[in-house]
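Each remark here refers to the structure printed beneath this line.
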Amino acid sequence: MLNIIAKLFVSLTICMSTVFALSVDDVKMFVEKGAALCEEKGNKVCFDAFNDPNGGFIKGELYMFAYKFDGVAQSHGANPSIAGRNLFKLKDASGVLLIQALINVAKEKGNGWLDYKWSHPQTKKITPKTSYIMKLEGDYFIGAGMYK
């Protein structure tokens with residue numbers, strides 16, 4: 001009986017890790033959904049939804065973030081308390097000025113991907129991450145990312 005329970009647990013664990021696995025398409029669709037909400041309801045409403053655990057934009061390690069082009073965080077699903085803080089000079093683990101690099105993607109391309117190194121919330125190890133960015137109306141952009 002114990003052997004059956006152990007096998008069932010292993011099977012469930014494998015299934016759960018597969019269910020929560022992210023792809024670049026998942027991230028891109030997530031950001032596009034957020035951009036559609038911002039276009040429909042306005043930036044203030046969507047930024048509030050991005051910070052709300054029940055707003056549909058926080059799903060495990062996948063969460064939305066929003067910044068103004070001056071570097072001030074508007075929302076951050078993983079850490080809503082940073083909203084209002086200027087993170088223009090924030091660096092990733094390699095010394096890249098992360099928020100400035102994200103701003104450049106939004107300004108120069110309108111949307112696109114940025115690779116960087118960030119502390120993984122579960123392992124606490126510096127891990128390669130990629131984020132998809134979309135420019136919004138005005139001087140704002142939103143994005144979400146996944147660990148590689």
For the stretch 24-70, fraction of C-alpha pairs farther apart than 18 Å, in %: 23 percent
In order through the stretch 22-39: 3J(HN,Hα) via Karplus (6.51 cos²θ - 1.76 cosθ + 1.60), integer Hz, x for Gly, Pro: 9, 10, 5, 5, 4, 5, 4, 5, 4, 5, 4, 4, x, 5, 5, 5, 4, 5
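If you put +1 on each Lys and Arg Cβ and -1 on each Asp and Glu Cβ, how big is the dipole of the chain around its Cα centre, in Debye rounded to 20?
Values: 18 positive and 14 negative charges, 108 e Å.
Its charge dipole is roughly 520 debye.
Too long at a 25 Å Cα-Cα cut-off: which of K44/K109; K59/K107; K44/K107? It would help to have the intermediate numbers written out before the result.
Working: K44/K109 23 Å; K59/K107 27 Å; K44/K107 20 Å.
Over 25 Å apart, Cα to Cα: K59/K107.
At 222 nm, what value in deg cm²/dmol follows for the chain if DSSP H runs of at least 4 each add -39500 (n - 2.57) and the sum is divided by all its residues, to the nearest 500?
Values: 4 runs with 57 residues, N = 148.
Computed ellipticity for the chain at 222 nm equals -12500 deg cm²/dmol.
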The chain: most fluctuating residue of K33, K125, K107 per GNM, C-alpha cutoff 10 Å: K125
Residue among P80, P121, S23 farthest towards the positive dipole end of the chain, charges placed on Cβ: P121
Approximate spin-label separation D115-K33, in nm, with each point projected 7 Å along Cα-to-Cβ: 2.7 nm
Coil-residue trypsin sites (Lys or Arg not before Pro) of the stretch 53-103, DSSP, other Cβ within 10 Å capped at 14: R85, K89
Degrees between helix 2-19 axis and first principal axis of the chain (Cα, 0 to 90, nearest 10): 20 degrees
5 angstrom amide H check on V96, placed H, neighbours 5+ away: none
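Which of the residue pairs K41/K125; K41/K91; K89/K148; K68/K125 have a Cα-Cα distance greater than 26 Å in the structure shown?
Values: K41/K125 37 Å; K41/K91 32 Å; K89/K148 24 Å; K68/K125 28 Å.
Check vs 26 Å cut-off fails for K41/K125; K41/K91; K68/K125.
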Percentage relative contact order, the chain, counting C-alpha pairs under 8 Å, at least six apart: 21 percent
Under 5 Å, built H, 5+ apart or other chain: amide partners of Q74: A66, Y67, K68, G84
Semi-axis lengths, Å, the stretch 61-108, gyration tensor of Cα atoms, sqrt of 5 times eigenvalues: 16, 13, 11
Per-residue ³J(HN,Hα) for the stretch 80-95, Karplus 6.51 cos²θ - 1.76 cosθ + 1.60, θ = phi - 60°, Hz, x for Gly and Pro: x, 5, 7, 4, x, 8, 8, 10, 4, 9, 5, 10, 7, 5, 9, x
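Working out 0.36 nm times the residue gap between T130 and N54, then minus their Cα-Cα distance, what length gain in nm do you get to one decimal? Mind dumping the intermediate values first?
Numbers: separation 76, 0.36 × 76 = 27.36 nm, distance 2.45 nm.
The T130-N54 span can extend by a further 24.9 nm.
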Dimensionless Rg/Rh of the chain - Kirkwood Rh, Rg from C-alpha atoms: 1.05
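A short reminder: the numbers here are calculations on the coordinates, not readings from a lab. Keep in mind it's a predicted model, so treat the numbers as computed, not measured. Cβ sites come from the backbone with ideal geometry, for glycine too, and all protein chains shown count toward neighbours.
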